[in-house]
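Single-structure report; data block below.
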Amino acid sequence: MRTIQWTVEYGTGMLMLDQPPSNTMTMDFFREMKVIMDEITAGQDLKAVIIFGNGRHYSSGADISELLQHVDQQVMLENYRAFAQLEHLDIPVISAIRGVCLGSAFELALFSHFRICSTDAVLGLPESSFNLIPGIGGIQRVAKLAGMAKAIEITLRGNTFPAAEALAMGLVDIVVPKGQVLDLAITFARVLPWNTDKVNRQFYLHKYLNQLHATAS
Amino acid sequence: MENPDSITFQVQDSIGIITLDFPPGNYIQVPGFIPLQFLEQWLGSESIKGLIITGQGKNFSAGGNLERIFEGAGDLASISQLVEEGITLLNRIQDLDIPVIAAISRVCFGGGLEIALACHMRVAAENALLAFPEVNQNLMPGMGGTYRLPYLVGLPDAVKMMLGGDMLNAVDGQKLGLIDYIAPKDQAFEFSMDLMQKMTHDRPLKVIKSIMKSLKNSRVMSREEAMAEETRLFCSLAMDEAERRKSEELA
């Protein structure tokens, strides 16, 4: 793998986006993502998956100029399916978001079951400002999480927004200082029950995540 | 074509503005208050990037003119026809592939609230009041409100609003999820115009329509169908953009 570091620590799959400084998502990244997803769904014995970026940022999103040279609907659909597979896993998938999380990277985070975000994170779907639209399911996810009005506003304006605003819109679940983001994700992954499909996610979210946050700070 | 009664249409900076124009209450004269051919003609222009529905004067709308409904009493077919026209019109507005904002000032009751619910975004002035008072006349919301309201606020609060007939203010409306943005007192239109410009001013119409179509698909299609359509729209825009960048390099 050249763009992702995939390791398993104590039963938790650690998926690190690894093209610093901004962990841009290239064609290679999407290919490698599919390989990892196939590995996980083929039954690798995991309790949780944590997605995060190497260094200061989660990821600045897709490499637009590369993408424009290889426009292919089939590839786009496969990219979407790789992301959507995450959501369908019966183990919790947690995105630990620090720094920038834009475009396709935000779409990836939106397919996680939980989004733990640093206070200084910057999020958004800026595709419309490049005369494009979010193309990997972000539109659908934002509509579901934040409602139609906010979905229209953020996708059309293409503006970036801070973590606090994302929290208010329901697009992330909790905001903590950046030094605590990854630790909180790891601790959370370990206390979560095996199969989140069988539990009420909101219940665990409020009960454990806020408790953990209270003890962490 | 002569414009329909008590409704005016104008275009300002590429934004279409439909005004419910029968002050002070801006009562909706018939459920199908805009004949569809007018709507299509008004919005047919390729330059219109968004639509704002607003009320003339202080109020949005105090609701439907019930006299017209009661005039038809005894004739179920003609009442059904009137209501059907209203439902078709509001469905058409909800399905538009440009953003539609309801700019709600002060009174927004009954049929007025039905119109606001069919819009994609609801901006209410802080002194706005919202209600479905139909129950007080032994009626019910009849233009899709019973379907749209629970989608936005959940079933318990929808039941409470429609059976209680009580008024809500803008802040309570926002807490319920009925109102998306609160504007200063009597500034709903100005706020809506500003929001609409921020969303559409720098955007080509094709981008706007692609996003609105994808959002609509999220409501009416399975995820897999919606994604097939979304990636198709994406690729079409990407081809355009690749072409544009190429010709820019050559120039």
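Going by what's in this entry, would B:ASP75 be described as without any contact (Cβ under 8 Å) to a residue 12 or more places away in the chain and of a type outside the set (A, V, I, L, M, F, W, C)?
On the way: without any contact (Cβ under 8 Å) to a residue 12 or more places away in the chain: yes; of a type outside the set (A, V, I, L, M, F, W, C): yes.
Taking the combined requirement at face value, the residue satisfies it.
Taken over segment A:50-75, the criterion of being surrounded by 22 or more Cβ atoms within 10 Å (Cβ to Cβ) and either at pLDDT below 95 or of a type in the set (Lys, Arg) (or both) is satisfied by A:LEU67 alone. Among the residues making up segment A:153-186, those that are surrounded by 22 or more Cβ atoms within 10 Å (Cβ to Cβ), of a type in the set (Gly, Ala, Ser) and away from chain B (no Cβ under 11 Å) are A:ALA163, A:ALA166, A:ALA185.
Here A:LEU67 meets each of (1) within 11 Å of chain B (Cβ to nearest Cβ); (2) more than 15 Å from the chain's Cα centre (by Cα); (3) over 26 Å from B:MET199 (Cβ atoms) with one exception, condition (3). How about segment A:115-126: which of its residues are out of contact with any Asp or Glu (no Cβ under 6 Å at 6 or more places or on another chain) and on the phi < 0 side of the Ramachandran plot? The answer is A:ILE116, A:CYS117, A:SER118, A:THR119, A:ASP120, A:ALA121, A:VAL122, A:LEU123, A:LEU125, A:PRO126.
The test for being facing chain B (nearest Cβ under 8 Å), over 29 Å from B:GLU243 (Cβ atoms), at pLDDT 95 or above and surrounded by fewer than 24 Cβ atoms within 10 Å (Cβ to Cβ) holds for A:LYS150. Of all residues in segment B:198-225, count the ones that are part of a helix (DSSP H, G or I), at pLDDT 95 or above and touching a Lys or Arg at 6+ places or on another chain (Cβ under 9 Å). Within segment B:198-225, residues that are part of a helix (DSSP H, G or I), at pLDDT 95 or above and touching a Lys or Arg at 6+ places or on another chain (Cβ under 9 Å) number 6.
Restricting segment A:48-64 to residues that are of a type outside the set (Asp, Glu) and within 14 Å of another protein chain (Cβ to nearest Cβ), which is nearest to A:VAL100 (Cα to Cα)? It comes out as A:GLY61. Please verify whether B:GLY74 is small (Gly, Ala, Ser) and on the phi < 0 side of the Ramachandran plot, treating the condition exactly as stated. Criteria not met by B:GLY74.
Within segment B:205-224, residues that are more than 9 Å from chain A (Cβ to nearest Cβ) have Cβ atoms under 8 Å from residues that are in a helix (DSSP H, G or I) in these pairs: B:LYS213/B:GLU229; B:LYS213/B:LEU233; B:MET221/B:GLU229, counting only partners at least 6 apart in sequence or on another chain.
Quick check on my filter: what residues within segment A:132-147 are assigned to a loop (DSSP other than H, G, I, E, B), under 16 Å from B:LYS209 (Cα atoms) and within 7 Å of chain B (Cβ to nearest Cβ)? Correct list: A:LEU132, A:ILE133, A:GLY135.
All of (1) closer than 28 Å to B:MET212 by Cα; (2) in a loop (DSSP other than H, G, I, E, B) hold for B:ASN127 with one exception: (1). Of the candidates A:SER95, A:SER129, A:SER112, A:SER65, the single residue that is of a type in the set (Gly, Ala, Ser), assigned to a loop (DSSP other than H, G, I, E, B) and at negative phi is A:SER112.
Please find, among B:GLU85, B:GLU40, B:GLU46, the residue that is charged (D, E, K, R) and assigned to a loop (DSSP other than H, G, I, E, B). Steps first, please.
Numbers: B:GLU85 fails: assigned to a loop (DSSP other than H, G, I, E, B); B:GLU40 fails: assigned to a loop (DSSP other than H, G, I, E, B).
It is B:GLU46.
The values are calculated or read from the model by the stated rules, or taken from the named source; none is laboratory data. From a predicted model like this one, the values you see are computed outputs, not experimental measurements. Here the Cβ is made from the backbone with ideal geometry for all residues, glycine too, and neighbour counts use every protein chain on show.
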